[in-house]
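Let me begin by presenting the structure, written as structure tokens, before commenting on it.
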Amino acid sequence: MERRFEYGGYAVVARAAALAGGGYMATVVISDAFGDAPQPSFEEEAGVAGTAEAAIALAEASAMRTIDAGQVN
């Protein structure tokens, strides 16, 4: 499952990937939203959640905190 959105001038991809042992890994990729071919400037695993929807929410929140804190190049 994946959700794409823009936040604070950045393009964000929030993903939920199923884990073999159960649950979903939340990952987030942040890129500059401007330009022809944006290159990812930040990527991290945001944690594990019980459902895909919860993992997406976890990744979205992580992206917003990261951007607000100025941790993206």
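The values are calculated or read from the model by the stated rules, or taken from the named source; none is laboratory data. Just so we're clear, the structure is a prediction, and the values are computed from it rather than from any experiment. Counting neighbours? That spans all protein chains shown, and the Cβs are built from the backbone with ideal geometry, glycine included.
Take G35 and tell me if it is farther than 16 Å from Y7 by Cβ, at pLDDT 95 or above and exposed (fewer than 15 other Cβ atoms within 10 Å of the Cβ). Answer is no for this residue.
Would a scan of the stretch 9-23 turn up a residue that is in contact with a Leu (Cβ under 8 Å, 6 or more places away or on another chain) and surrounded by 12 or more Cβ atoms within 10 Å (Cβ to Cβ)?
Of all residues in the stretch 9-23, those in contact with a Leu (Cβ under 8 Å, 6 or more places away or on another chain) come to none.
Among the residues of the stretch 9-23, not one is in contact with a Leu (Cβ under 8 Å, 6 or more places away or on another chain) and surrounded by 12 or more Cβ atoms within 10 Å (Cβ to Cβ), which makes the answer no.
Of all the criteria given as (1) closer than 13 Å to E6 by Cα; (2) surrounded by fewer than 16 Cβ atoms within 10 Å (Cβ to Cβ), the one not satisfied by E53 is (1). Does E2 fit the bill of being exposed (fewer than 14 other Cβ atoms within 10 Å of the Cβ), out of contact with any Gly (no Cβ under 9 Å at 6 or more places or on another chain) and acidic (D, E)? Here the answer is yes, as E2 does meet what is asked. Looking across E44, E53, one residue alone is of a type outside the set (S, T, Y), within 16 Å of the chain's Cα centre (by Cα) and part of a helix (DSSP H, G or I). It is E53. Taking the listed residues T27, T66, the one that is part of a helix (DSSP H, G or I), surrounded by 13 or more Cβ atoms within 10 Å (Cβ to Cβ), in contact with an Asp or Glu (Cβ under 8 Å, 6 or more places away or on another chain) and among the β-branched types (V, I, T) is T66, with no other qualifying.
For the residues V72, V12, the requirement of being β-branched (V, I, T) and assigned to a strand (DSSP E or B) singles out V12.
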